[in-house]
Number of protein chains: 2
Amino acid sequence: MRIEAVDVFFLALPVIEDIGDGSQDMVLVRVRAGGYTGWGESEASPLPTIAAFVAPPSHSACHGVLDSVLGEPVDGPGDILRLSRRVAERGLDLLQTPHAWSGVEIALWDLLGKAREEPAWSVLGLAASHPRRPYASQLFGDDPQQTFDRARTVAADGYRAAKFGWGPYGRGSVRADADQVMAAREGLGPDASLLVDAGTVWGEDVEAAAARLPALEAAGVVWLEEPFVGGALDAHAALAAQAGSVRLAGGEGAHNAWAARALVDHGGLGFVQVDTGRIGGLGPAREVARHAAARGVVHVNHTFTSHLALAASLVPYADYRGELLCEYPVAPSPLALGLTRTHLDRDDEGLVRLPDAPGLGLELDLDAVRGYLQDVEITIDGRVAYRTPELEQ
Amino acid sequence: MRIEAVDVFFLALPVIEDIGDGSQDMVLVRVRAGGYTGWGESEASPLPTIAAFVAPPSHSACHGVLDSVLGEPVDGPGDILRLSRRVAERGLDLLQTPHAWSGVEIALWDLLGKAREEPAWSVLGLAASHPRRPYASQLFGDDPQQTFDRARTVAADGYRAAKFGWGPYGRGSVRADADQVMAAREGLGPDASLLVDAGTVWGEDVEAAAARLPALEAAGVVWLEEPFVGGALDAHAALAAQAGSVRLAGGEGAHNAWAARALVDHGGLGFVQVDTGRIGGLGPAREVARHAAARGVVHVNHTFTSHLALAASLVPYADYRGELLCEYPVAPSPLALGLTRTHLDRDDEGLVRLPDAPGLGLELDLDAVRGYLQDVEITIDGRVAYRTPELEQ
């Protein structure tokens, strides 16, 4: 099979709120080869990502993504890995490349799975797919009462783990943050796993982050996520050294396996969380999972959008045994929820598992999201470089 | 002063060759505030960079660059540093952000310098600006004879240091690479500093890189640049440990100070080379220079395009004493050469120094490059998100 077409779609809610909810817009990617169609999602800013697909070449290490993939053979996993290298080399100086490529790479595993009638995890070479314990991933409330209510709601809904993040956390006083965390703990009850996401709020200020540790320890928080920006290796290591029972989590910003590996090797992480929609897809995410496992660091997915993205995020560590957590967005936008007709619903034990169906195993509902499609056109010297394609299977 | 306008221009040669010459197109940025105009250049793929300027917001950590800078106050260096943080935070999940921001940041130093009638290095807080020893930066020839001829030519032209890179190097046999390096040494003569740039050709294959070391040592090569992709910290460290008299250089791909610092701290570099047009401008480049100096690692500019970009690249380490090298493109494209009416020509001692004039101190020649301007238009649902502005002072 050869890659006949790669199409990218920009979808968005009518109003984008200035909050930490990444499910308000979407980069959807469709790949066609050999009569099959695969779908993937990049977790990225749509317009620069579209531009990275169609960018005119600047020099030998700065090509648009389409330029490196159209017409290429894709008959097996080795072809996807080869294409990943090709895109990375020819797109080395185009910074947006990994975000754009992620959706294509995921779509290629989906496509290969459909062609072989195998789930994507099997095509990737994994021997099994085990269920994961979903943690309800949501934003902190505007005040402790709202956080408490949200925690109560997810606990009542059967979640045994929950993460709160962004919102006011880290932006006010140490005391205010402690109140938020304690409200979450009280709402969840004493036995649930509580996770806190600081959303890089402290930049690289170790002292500011360390001041929050006592409250996090007192509330029995399992991990503190992204206290700092992902590149701040020294700050992570310094905080990890004094974090006691609280372990550090991070890696969602990694745009290649090396960035995540650096955090594992030099940042003192306890949990590494990569987003398959940013890091370049399933291949590099799997590489990070293996690297982490060899060093006693636990792999957890990062995802906050559709169930297509959720499914992709579960693949790279699907074969790891034990009751491992997975991020599970509890309040996705109608766009994120609507993209697929089928969903990764929790089973009777409250666990989430990948479908047995070929590829990523999800059925898209394009009619449900067509209204969110943005009509984009890019011209260069009168030539159309991009025009939104028809959104159809 | 408030930032009244930020305009970005995509310029390109009529034909882009698939070679490692990054001067074939250009992202030029113009900033206006308080009646002053500053200019900067991003070393980036133009179309995704334009898209990063005008991208609609996706969520609170994914804003286009313009959205974070228009109307902001800019009265002193602190404002530029504050804006850098603001753009980074609000553009955290828009990967292309640092490349887009670089040109704005550089233009802001240029603008502040003009407003204060001070050179940019002085506005940045440096106490002095010392001349640098330019090394002639060029591509390897297609064969050793062509490399020899190029080396002879630059030696005859008075260069006492030269770098050869890309082209066939690392793509053929160990023997063929040795012949190329020896040809460069013979052409330059025994006393000139010879530098070799592998252009990330070995990915993270330490063995392949190590096989080239004996020939590099025999030819007295000062540094081997970018044997691997910038994120491959372990590979760098492993090669550095066996590189003998050859020191490793790298860092041009760093899109923030952390990435360059990681290479300094964990990659065993002897020389760190950041590109002010990629790393986010003069501020983060200066931060890397200080970080490197404190660890005995030598800062060298990376640049390969116009003299506007060359001037910006020299600022972050302008106050360091000693005969430090600087990259100096010897065969820039007519676009890169034409952008400025004035140039950083070598003086009687063969050295390059920053102009004393305000800002970056260069006079642009927009008439000379107007013919290279690409006419770009981006519309979203019929609304014009970007249209190429008038290219004028």
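The values are calculated or read from the model by the stated rules, or taken from the named source; none is laboratory data. Since this is a predicted model, take the numbers as computed values, not measurements. Cβ placement follows ideal geometry from the backbone for every residue including glycine, while neighbour counts extend to all protein chains displayed. For the accessible areas, the whole protein counts, side chains as well, though only heavy atoms, and no ligand, DNA or RNA atoms are used. Shrake-Rupley method; radii C 1.70, N 1.55, O 1.52, S 1.80 Å.
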So which residues in the stretch A:151-167 are in a loop (DSSP other than H, G, I, E, B), modelled with pLDDT of 95 or more and surrounded by 14 or more Cβ atoms within 10 Å (Cβ to Cβ), if there are any at all?
A:159, A:160
Failed criterion for residue B:254 (all others in (1) free of Cβ contacts under 8 Å to residues at least 40 places away in the same chain; (2) open to solvent by less than 20 Å² (accessible area, probe 1.4 Å); (3) more than 18 Å from the chain's Cα centre (by Cα) hold)
(3)
Check the stretch A:312-319 and report whether any residue there is closer than 30 Å to residue B:45 by Cα, out of contact with any strand residue (DSSP E or B) (no Cβ under 6 Å at 6 or more places or on another chain), acidic (Asp, Glu) and open to solvent by 10 Å² or more (accessible area, probe 1.4 Å).
no
Looking only at residues that are outside any helix (DSSP H, G or I) and more than 8 Å from chain A (Cβ to nearest Cβ) in the stretch B:90-119, which one is nearest to residue A:55 (Cα to Cα)?
B:91
Could you run through the stretch A:56-72 and say how many residues are open to solvent by 10 Å² or more (accessible area, probe 1.4 Å) and either part of a strand (DSSP E or B) or facing chain B (nearest Cβ under 7 Å) (or both)?
4
Can you run down the residue pairs with Cβ atoms below 6 Å, 6 or more apart or on separate chains, where the first is in the stretch B:220-247 and more than 13 Å from chain A (Cβ to nearest Cβ) and the partner is open to solvent by 10 Å² or more (accessible area, probe 1.4 Å) and part of a loop (DSSP other than H, G, I, E, B)?
B:227/B:202; B:240/B:268
Go through the residues of the stretch B:349-359 one by one and say whether even a single one is farther than 21 Å from residue B:198 by Cα, within 14 Å of chain A (Cβ to nearest Cβ) and buried (at least 24 other Cβ atoms within 10 Å of the Cβ).
no
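With the requirement that a residue be free of Cβ contacts under 8 Å to residues at least 12 places away in the same chain and not small (Gly, Ala, Ser), what does the stretch B:154-180 give you?
In the first step, residues of the stretch B:154-180 are kept if they are free of Cβ contacts under 8 Å to residues at least 12 places away in the same chain; the result is B:156, B:172-173, B:175-176.
B:175 - this is the single residue of the stretch B:154-180 that is free of Cβ contacts under 8 Å to residues at least 12 places away in the same chain and not small (Gly, Ala, Ser).
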Mind counting the residues in the stretch A:51-93 that are in contact with a Leu (Cβ under 9 Å, 6 or more places away or on another chain) and of a type in the set (A, V, I, L, M, F, W, C)?
12
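Taking residue A:269, is it in contact with a helix residue (DSSP H, G or I) (Cβ under 6 Å, 6 or more places away or on another chain), away from chain B (no Cβ under 14 Å), aliphatic (A, V, I, L, M) and assigned to a loop (DSSP other than H, G, I, E, B)? Spell out the reasoning first.
Values: in contact with a helix residue (DSSP H, G or I) (Cβ under 6 Å, 6 or more places away or on another chain): yes; away from chain B (no Cβ under 14 Å): yes; aliphatic (A, V, I, L, M): yes; assigned to a loop (DSSP other than H, G, I, E, B): yes.
Yes; evaluated as a whole, the condition is true for this residue.
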Kindly evaluate residue B:311 against the criterion of being at pLDDT 95 or above and either within 14 Å of another protein chain (Cβ to nearest Cβ) or part of a loop (DSSP other than H, G, I, E, B) (or both).
no
Scan the stretch A:369-389 and tell me whether some residue there is in contact with a Ser or Thr (Cβ under 9 Å, 6 or more places away or on another chain), under 30 Å from residue A:17 (Cα atoms) and of a type in the set (Asp, Glu).
yes
Would you check if there is a residue in the stretch B:136-150 being over 26 Å from the mean Cα position of the chain (by Cα) and small (Gly, Ala, Ser)?
no
Could you grab me the full set of residues in the stretch B:35-55 that are of a type outside the set (S, T, N, Q), more than 23 Å from residue A:65 (Cβ to Cβ) and either within 14 Å of chain A (Cβ to nearest Cβ) or not in a loop (DSSP other than H, G, I, E, B) (or both)?
B:36, B:38, B:39, B:40, B:41
On the basis of being of a type outside the set (A, V, I, L, M), more than 21 Å from residue B:47 (Cβ to Cβ) and within 13 Å of chain B (Cβ to nearest Cβ), does residue A:84 make the cut?
yes
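Can we say residue A:262 is part of a helix (DSSP H, G or I), at the interface with another protein chain (Cβ under 9 Å from one of its Cβ atoms) and crowded, with 24+ Cβ neighbours inside 10 Å? Before the answer, list the steps.
Values: part of a helix (DSSP H, G or I): yes; at the interface with another protein chain (Cβ under 9 Å from one of its Cβ atoms): yes; crowded, with 24+ Cβ neighbours inside 10 Å: yes.
When the stated conditions are applied, residue A:262 passes them.
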Filtered residues of the stretch A:177-222 (kept if of a type in the set (A, V, I, L, M), under 22 Å from the mean Cα position of the chain (by Cα) and open to solvent by 10 Å² or more (accessible area, probe 1.4 Å)):
A:201, A:222
Checked A:7, A:75, A:18 against criteria (over 19 Å from residue B:97 (Cβ atoms), open to solvent by 10 Å² or more (accessible area, probe 1.4 Å) and outside any strand (DSSP E or B)); the one match is A:75
Do the conditions hold for residue A:29, that is, is it buried (at least 24 other Cβ atoms within 10 Å of the Cβ), more than 8 Å from chain B (Cβ to nearest Cβ), of a type outside the set (Phe, Trp, Tyr) and assigned to a helix (DSSP H, G or I)?
no
For the subset of the stretch B:295-305 comprising residues that are of a type in the set (A, V, I, L, M, F, W, C) and under 18 Å from residue B:247 (Cα atoms), which member is surrounded by the fewest Cβ atoms within 10 Å (Cβ to Cβ)?
B:298
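Take the residues of the stretch B:360-385 that are in contact (Cβ under 8 Å) with a residue 40 or more places away in the chain and facing chain A (nearest Cβ under 9 Å): which is nearest to residue A:383 (Cα to Cα)? Before the answer, list the steps.
First pass over the stretch B:360-385, keeping only residues in contact (Cβ under 8 Å) with a residue 40 or more places away in the chain: B:360-362, B:364, B:369, B:372-374, B:376, B:378, B:380, B:385.
Those still in the list that are facing chain A (nearest Cβ under 9 Å) too: B:374, B:376, B:378, B:380, B:385.
Details: B:374: 11, B:376: 9, B:378: 12, B:380: 17, B:385: 17 Å.
The qualifying residue nearest to residue A:383 (Cα to Cα) is B:376.
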Among the residues of the stretch A:265-294, how many are surrounded by 23 or more Cβ atoms within 10 Å (Cβ to Cβ) and either farther than 19 Å from residue A:65 by Cβ or of a type in the set (Asp, Glu) (or both)?
10
Check off (1) open to solvent by 50 Å² or more (accessible area, probe 1.4 Å); (2) at pLDDT below 95 for residue B:332 and give me the number that stays unchecked.
(1)
Conditions: (1) out of contact with any helix residue (DSSP H, G or I) (no Cβ under 8 Å at 6 or more places or on another chain); (2) farther than 27 Å from residue B:377 by Cα; (3) not aromatic (Phe, Trp, Tyr). Residue B:59 meets all but one. Number of the miss?
(2)
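Can you name the residue in the stretch B:182-215 that is part of a loop (DSSP other than H, G, I, E, B) and in contact with a strand residue (DSSP E or B) (Cβ under 8 Å, 6 or more places away or on another chain) and, of all such residues, is nearest to residue B:133 (Cα to Cα)?
The first filter runs over the stretch B:182-215 and keeps only residues part of a loop (DSSP other than H, G, I, E, B), leaving B:189-192, B:198-205, B:211-212.
Filter once more, so that each one left must be in contact with a strand residue (DSSP E or B) (Cβ under 8 Å, 6 or more places away or on another chain): B:192, B:198-199, B:212.
Working: B:192: 12, B:198: 22, B:199: 22, B:212: 27 Å.
The extreme case among them is B:192.
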